[in-house]
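Novice: The following block contains the structure, expressed as structure tokens.
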């Protein structure tokens, strides 16, 4: 998650058709966003979905560079991998380099639930409906979600702020706007499918960061 900054033998497995129906996996197994600051593209956020049998792997890659010409003033790199089985997340591994500050987290499901720890979170069992805060699954907003930078459990206030048109590839699409305030401070957008369609938040320097789906 960008903020302001086991497989188990006993796990019940649903048919993969049910997995596809339950999870908003895009038809082409890929989501790509351009990251915009002051009308300039400063990076890219890509999610790649790999379907294997009854499982799903989601790989997340975020790369941001802010600078002037060849001089970089700020760099951000985030990599995360989610493993799903039968419509349930069973593991999450993530590493982040936030302009030289390393962060990491991991979660593994066992008999107790999804056990999470990270650079800013001591080991804990996440609430039953909690999901990684990787945005592609709108259900992450229905319970406290897991910050994939550092493992913290986030409990912002979530408000559905109506439907709006947002830009996408030279056109516009209708999307529901959700406002998150408190632990997280951002707006996130989902189209009717519901697939993740955009993101907007204020960076530490006060500039607005916008995600435009490619």
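Novice: Do you know which of the residues in segment 69-88 that are within 15 Å of residue 53 (Cα to Cα) and in a strand (DSSP E or B) is farthest from the chain's Cα centre (by Cα)?
Specialist: 85
Novice: Tell me, which residue of segment 37-54 that is over 17 Å from the mean Cα position of the chain (by Cα) and assigned to a strand (DSSP E or B) is surrounded by the fewest Cβ atoms within 10 Å (Cβ to Cβ)?
Specialist: The qualifying residue surrounded by the fewest Cβ atoms within 10 Å (Cβ to Cβ) is 40.
Novice: Exactly one of these conditions fails for residue 57: (1) within 14 Å of the chain's Cα centre (by Cα); (2) closer than 26 Å to residue 155 by Cβ; (3) not in a loop (DSSP other than H, G, I, E, B). Give me its number.
Specialist: Going through (1) within 14 Å of the chain's Cα centre (by Cα); (2) closer than 26 Å to residue 155 by Cβ; (3) not in a loop (DSSP other than H, G, I, E, B) one by one, residue 57 breaks only (2).
Computed from the coordinates by the stated procedures, all read-outs in this text should not be read as laboratory data. Note that this is a predicted model, so its numbers are computed, not measured. Please note: Cβ atoms are built from the backbone with ideal geometry, for glycine as well, and neighbour counts cover all protein chains shown.
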